[in-house]
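Remarks on the structure that follows.
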Amino acid sequence: MEPARRKNGEKNGKKKHKVNLWPMKAFFITLSTALLLSLFSETVLLGVSLPVALLVLALIIVIGIAFDIIGIAVTFQDVTAYTAMASKRIAGAKQAIKLVQNAHLVSNICNDVVGDICGIISGAMGAAISIRLITTSANRHEFWLNIVISSLIAALTVCGKAFGKTFAVQQSHKIVFLVGKLLSFVWHKGGIKGK
């Protein structure tokens, strides 16, 4: 009996001491996403007009807010809302279940990885836009211009996320199901079979 107990204890000990690889995965996901978004924003900013640069900046802010909404919505749902839909083979229900089952990872990727990256890139883009305004005009108040642009970016981001949080809580079922449907469509078009 004693050796059996020891074996069970060792097995339980191994389960308890399982290495969490998510931080390393998050590092590489963040690095690759940041590189892609930075490359996109910097490439777009080269040689484009100011209105186009502002449009790209607005797009980056909207992406950050949208992913923040998804990350919050997923944490407010449970699988029971989608199991009946999945049994009826409604497109997107299985993907919605997977999103909810992995809510901690989904919210981490959406809120922390994508959200923070968009915040950093929008700040960098704001600085690039203010430099362009300074160099293309006779404006000598670069200090105040930088402050105003970065403050506007911060205000728009915070305001958008505040509105988004309320919307995410109130419409969490619809949001998660919509994301599930989008994933189902992408997987179907890409020839990926969901289990």
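Some observations on this one:
- Residue match in region 130-145 (condition: open to solvent by less than 100 Å² (accessible area, probe 1.4 Å), modelled with pLDDT under 85 and hydroxyl-bearing (Ser, Thr, Tyr)): yes
- Candidate set from region 61-92 (those that are modelled with pLDDT under 90 and of a type in the set (A, V, I, L, M, F, W, C)); member that is farthest from the chain's Cα centre (by Cα): ALA84
- Selection of region 61-95 for residues being open to solvent by less than 60 Å² (accessible area, probe 1.4 Å), within 30 Å of ILE153 (Cα to Cα) and β-branched (Val, Ile, Thr) yields ILE61, ILE63, ILE65, ILE69, ILE70, ILE72, VAL74.
- In region 111-126, the residues that are more than 13 Å from THR157 (Cβ to Cβ) and open to solvent by 40 Å² or more (accessible area, probe 1.4 Å) never reach a residue that is aromatic (Phe, Trp, Tyr) and part of a helix (DSSP H, G or I) with C-beta atoms less than 6 angstrom apart, at least six apart or across chains.
- Any hit, region 38-46, residues being closer than 30 Å to ALA96 by Cβ, out of contact with any strand residue (DSSP E or B) (no Cβ under 8 Å at 6 or more places or on another chain), among the hydroxyl-bearing types (Ser, Thr, Tyr) and assigned to a helix (DSSP H, G or I): no
- In region 146-167, the residues that are closer than 18 Å to ASN111 by Cα and either open to solvent by 50 Å² or more (accessible area, probe 1.4 Å) or among the small types (Gly, Ala, Ser) (or both): ALA154, ALA155, LEU156, VAL158, CYS159, GLY160, ALA162, PHE163, GLY164, LYS165, THR166, PHE167
The values are calculated or read from the model by the stated rules, or taken from the named source; none is laboratory data. Every value quoted in this text rests on a predicted model; they were computed, and no experiment measured them. Please note: Cβ atoms are built from the backbone with ideal geometry, for glycine as well, and neighbour counts cover all protein chains shown. Protein only, heavy atoms only, side chains kept; ligands, DNA and RNA dropped before computing areas. Shrake-Rupley method; radii C 1.70, N 1.55, O 1.52, S 1.80 Å.
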